[in-house]
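Worksheet: one structure, shown below.
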Ligand code: G3P
Ligand code: CA
């Protein structure tokens, strides 16, 4: 076999577009994942929540105020919680103008339309169950939607979907309901606590500021529920030098608002 050179030994981390490519298009919209696709970004991250009438939508904040025109459209309904609005009401909102006039008319995606678009773009998905304490039973509902749209087909589930959450109980529920789905715990547990997460999480995904080489090594020393080495994806990394430094610490993934720039920095290193 050919000799392995030092530069080939460390594989470059996978780069994941955080809420799409918010450096170029409004977060968590179809425009944002399309822009990611055009820039060659193969993995996108999103956040899933539930409307008043039980529909799953893609939205980061637990209120609609920052990323839509809800305050103008429904001035009397402060604090504009996602769970206080029906899907029909939310679909009337403009989720693009706040970002730039050329995105006027962009909508808050349903999870279903988002999954179809990621699929059509041949992208891979890091799906975050956001604030599950507000939405009892949302894990089962998200898995049902993934199943209905073909994301859980045996041929497809491996290698193109990870479900992550800050909420360990929620993630354990996802793992118990569908052990075939890869999962990621958001946080940076102490090395002594990592083993308990390895029972239900394939990834441990920390804020990049807390990552040390030693910590990555202690995560990598453990096997996850599928018998594979635990992985680390760090967030949210927008600076090329930070990305290169994380790659040298051994992380497997980098979640970024400017994934195209981070990928270019890693390629140059
Ligand atoms: O993917 C990790 C990151 O998204 C977690 O934080 O607040 O952006 O959802 P947040
Ligand atoms: Ca997120």
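Readers should treat all values here as calculations from the given coordinates under stated rules, not as data from a laboratory. Owing to the predicted nature of the structure, the values given are computational and were not obtained by experimental measurement. Neighbour counts run over all protein chains shown; Cβ positions are idealised from the backbone, glycine included.
Yes/no per residue for (1) over 16 Å from the mean Cα position of the chain (by Cα); (2) farther than 19 Å from residue 133 by Cβ; (3) touching a residue at least 40 places away in the same chain (Cβ under 8 Å):
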| residue | (1), (2), (3) |
| --- | --- |
| 34 | no, yes, yes |
| 49 | no, no, yes |
| 53 | yes, yes, no |
| 56 | no, no, yes |
| 63 | yes, no, no |
| 72 | yes, yes, no |
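Somewhere in region 92-115, is a residue part of a strand (DSSP E or B) and either touching a helix residue (DSSP H, G or I) at 6+ places or on another chain (Cβ under 6 Å) or over 19 Å from residue 22 (Cα atoms) (or both)? Among the residues of region 92-115, not one is part of a strand (DSSP E or B) and either touching a helix residue (DSSP H, G or I) at 6+ places or on another chain (Cβ under 6 Å) or over 19 Å from residue 22 (Cα atoms) (or both), which makes the answer no. Flag: residue 202 does not match the condition of being surrounded by fewer than 17 Cβ atoms within 10 Å (Cβ to Cβ), away from ligand 1 (no atom under 14 Å from the Cβ) and under 21 Å from residue 44 (Cα atoms). Residues that are in a loop (DSSP other than H, G, I, E, B) and surrounded by 22 or more Cβ atoms within 10 Å (Cβ to Cβ) within region 217-239 comprise 224, 230, 237, listed in sequence order.
Looking across 170, 165, one residue alone is within 22 Å of residue 210 (Cα to Cα), within 15 Å of ligand 1 (Cβ to nearest atom) and touching a residue at least 24 places away in the same chain (Cβ under 8 Å). It is 165. Of the residues making up region 153-211, those that are part of a loop (DSSP other than H, G, I, E, B) and within 16 Å of ligand 2 (Cβ to nearest atom) number 6.
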